Amino acid sequence: MKFLHSNETKVLLVLACVLGVLELGARVFEGKLSKDVNHIRSFPSVAATLKAAPKERLKVLIIGNSLSRDGLDKKLLKTELAKLSGREVELAAMHPDASNISQWYYGYRRYFDQTDSIPDLIFLGTGRSHLLDAPAESDRLSAFYVSLSDLPQLLKEQAGDVEAISKAILARTSLLFAHRARVQPLLFYNLVPGYTETTQTIAVRREPLKVEAESALVPASEHCVTFEELLKTVHAKKSQVMVVAIPMTEPYVLPPCVLESARKENAPVLDAGAAMRFDASHFPDGYHLDASGAAEFTEKLLEVISKNPDLMQALSK
Amino acid sequence: MWFNSFGFWLFFALVVLVYSRLRLAGQNRWLLAASYFFYGCFDWRFLSLIFFCTALNFHAGLKIAAAEEERQRKFWVGWSIVISLFVLGVFKYLGFFTHELSALLQSFGWLETPWVLHLMLPAGISFFTFHALSYTIDVYRRDTPVSRSFVEFALFISFFPQLVAGPINRSTLLLPQMGKARPPCDEKRFREGLYAVITGLFLKVVVADNMAWLAGHIFSADPQNLGGLEVLLGVYAFAFQIYGDFAGYSAIACGTACWLGFDLMVNFKRPYFAISPQDFWQRWHISLSTWLRDYLYIPLGGNRGGSFLTYRNLMLTMLLGGLWHGAAWTFVVWGGIHGLWLAVHRAIGGTAKRSSKTASGWVIFLKWLVTFHLVCLTWLVFRAETFSQAWALFLRLGTDWHWTAFAQTSLSLIGFFILPWLLFEAWLERRKDDLSLLHVSWYWRAALYVYLVLMMLFFPPPVPAEFIYFRF
């Protein structure tokens, strides 16, 4: 008890209490942090709805990030797919902000594959680099995307990186820690004058410098191991995947390893990054397609589907 | 293994766990093993270098102590200085001077292309070399007894909290602590260590890294695209980046050492509250400035040889102090400007012991304002990649004072991240006590720690930056 009367113990207890209260707050009010958090937290119910849908319905899942969220016209897709397949369509989506293949792989496994909420068709929307293997944010993955059974695999992937492993474990344990990075943008984008413009300017300037530095140091090597694993996971449950390269302001082609993996796993690819050019006016924020661009692009996607026998078979079976 | 990484704190927890169960000899061996492991995490290949430096100076110390004639003592201290500086010179400066020499030859047409020599810079080489030199010089001067335990001496050189970025501790302060039982981590030590660690982490993670982002923009952009206000705010950002970075590292070093029972030298005392260049150097990187004063400035003659020699000694000391920071002319010039400033300040009678109590508040404020801005201007040279960049940025200061988005953001973020800390420092400054917070009611401390921890949790930098002084 003498220990409890020490002033420094009281200081630490106050600190622990404040953190405890904030942890509680993070658990209760996390939905108010952003639309994205709400979207992530809706995955279990999205998967449950997909699972509960009658078998005769065509179950379609869109996986991607904000490029897919804004680049595909869901209403049009649903209507036209129904026409093409002659079945009612149950359309679900998993497109959290700033996500890539790591989030999609673990997220699909956790919320859909491991709960047996299996779609008939998956549209995997991507930009040029989202399907490439890249160092993942272990904390974000661990907190929101990786199931408990996949957690050892995630930790193993960190290859002994104490920093990444510690963050993954902390984020799994504490929602306050997992959401810590959301507070700063929430505050600064709303309250600091010129912040949005400044971050964009700096990001634009940093990108070529970063690419230049990376290309000077490391020979370009692109791998798609996680993408292949995702395709295998999906195909193991007899679902069909279509890779959809979403148009961006600058034309791009998908990396060779993506095309090769897709070919190996028999996944059709709409490589529209180079084929479809949209005027800059279709990208109001300089990154995402606007509604009319999304509709135009979705029509193109539907046209490709209608000409692909494998996909048409997936739609009709 | 950075102080602001989870890896370091896991390592430190393990070190403390084992350390607290050992007796003195075991503690020293354990700390030595931990320190070598810590250093090996940066680059294990340089473990042999630190071992060589340790063995060389340990041997030189024994020889100095055993020598009966002054001539022999001089030889061995000279041997220690020459070899240690040679090693430092090879790793830190050889590439730079080779390139500069070949560029000079090229300008005479005697060489077609300049030579480029890339040598890896061992982490903290400037720090452990200066540790070692302080020992042999102190033994030579009979300021410290010779160390006859290799383990204790090796631990003095490689003690992990201060190994890669200081503070540069004197043999007179640290070496005696290696040979006697250290005090246990009682409540007082725990309190002092906690204060140093939390404030140090805040300075690094919140202040330095968030300012790095703004400063980096100014120093990577084309100066012609920047307005004067943007440059000024960018330079302020760098001033607080380098302060937060280095003072933060030093504070964490002192805090962790304190928990282990060691007392390290305080390295920073609110430097941006200085009111003269002399005052600044009594507050900034104190372990280096006092090292240079005691081992360079005073042996050169200090202020004992009349005005001209004093100014010469000041210039030489500061030029070498600048070069200590890195192999680039910008560092040398940075040191030169500080030397010149100190000399001018001395020449106009700035060092006269006038009581600050007699000076009015406005005079002190004006002195502070001038000192702070001159320090910031020298940071411009320090941070710039080249003189032309420094000059171009300097010229931009006088033009285009527009209220741009970057200026608005910078001012807001500097206010948000720095102002509360400066208010706290102003309170410390007023009380003239670094540890004032430990002498007030515990709930004030609790309030400050809650603020610091929440800031660290919620406001990490967009891009974490490595410790700047690690490169020195």
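Only the coordinates and a few stated rules stand behind these numbers; no lab work does. This is a predicted model, so every value here is computed, not measured. Glycine also receives a Cβ, built like all others from the backbone with ideal geometry; neighbour counts cover every protein chain displayed.
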Item to complete: Consider a paramagnetic label point 7 Å from the Cα of residue B:370 along Cα→Cβ; state which residues of region B:237-275 have an amide N under 18 Å from it.
Response: B:272-275
Fill in: Using alpha-carbon coordinates, inclination of helix A:225-236 to the longest axis of chain A, degrees
60
Worksheet item: What FRET efficiency do you get for residue B:430 and residue A:6 if R0 is 22 Å and r is their Cβ-Cβ distance, rounded to the nearest 0.05?
Response: 0.20
Practice prompt. Run the dipole for region A:245-317 about the Cα centre, Lys and Arg Cβ at +1, Asp and Glu Cβ at -1, nothing else charged, and hand back the magnitude in debye, nearest 20.
Written response: 340
Worksheet item: For chain B, the longest stretch holding no GluC sites (Glu not before Pro) located in a DSSP loop with at most 15 other Cβ atoms within 10 Å is which?
Response: B:113-384
Worksheet, complete the sentence: Excluding residues fewer than 8 positions from residue B:367 in its own chain, the aspartates and glutamates with Cα under 19 Å of it are B:279, B:425, B:429
Discussion item. Just to be sure I understand the model, the point goes 7 Å from the Cα along the line to the Cβ. What's the resulting residue A:271 to residue A:41 distance in nm?
Written reply: 4.2
Worksheet item: Which helices pass in chain B if a helix is a full DSSP H run, must span at least 15 angstrom along its long axis by Cα, and must have mean Kyte-Doolittle hydropathy not below 0.5?
Response: B:6-19, B:47-66, B:70-88, B:94-107, B:125-140, B:228-259, B:306-325, B:329-347, B:361-383, B:405-431, B:442-458
Worksheet item: Taking the mean number of other Cβ atoms within 10 Å as a proxy for protection, how do you rank A:172-183, B:237-248 from highest to lowest?
Response: B:237-248, A:172-183
Worksheet entry | chain B, dipole about Cα centre (Lys/Arg Cβ +1, Asp/Glu Cβ -1), debye to the nearest 20 | 1460
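How many partner chain Cβ atoms sit within 10 Å of a residue's Cβ in peptide B:404-412, on average, as a whole number?
What the average comes to for B:404-412 is 6.
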Item to complete: Treating cross-link reach as a plain straight distance, find the aspartates and glutamates whose alpha-carbon is under 17 Å from the alpha-carbon of residue A:167, omitting any fewer than eight places away in the same chain.
Response: A:23, A:137, A:139, A:150, A:157
Worksheet item: So if R0 is 22 Å, what FRET efficiency would residue B:141 and residue B:83 give, r being the distance between their Cβ atoms, rounded to the nearest 0.05?
Response: 0.70
Discussion item. Suppose each label sits 7 Å from its Cα in the direction of the beta carbon; what would the residue B:13-residue B:188 distance come out to in nanometres?
Written reply: 2.9
Worksheet, complete the sentence: In debye to the nearest 20, the charge dipole size for chain A, taken about the Cα centre with +1 at each Lys and Arg Cβ and -1 at each Asp and Glu Cβ, equals 1060
Practice prompt. Sum -39500 (n - 2.57) across every DSSP H segment of at least 4 residues in the protein assembly as shown, then divide by the residue count to get the 222 nm mean residue ellipticity, nearest 500.
Written response: -20000 deg cm²/dmol
Worksheet item: Calculated FRET efficiency, residue B:59 and residue A:184, Cβ-Cβ r, R0 60 Å, to nearest 0.05?
Response: 0.65
Worksheet item: Put +1 on the Cβ of every Lys and Arg and -1 on every Asp and Glu Cβ in the protein assembly as shown; which of B:44, A:313, B:444 then has its Cα farthest towards the positive end of the dipole?
Response: B:444
Item to complete: Report, ordered by chain and residue number, the lysines lying within cross-link reach of residue A:237, taken as a straight Cα distance under 23 Å and ignoring same-chain residues fewer than 8 apart.
Response: A:51, A:55, A:59, A:78, A:264, A:317
Worksheet item: Which value in nm describes the separation of the simple spin-label points at residue A:78 and residue B:51, placed 7 Å from the Cα toward the beta carbon?
Response: 7.0
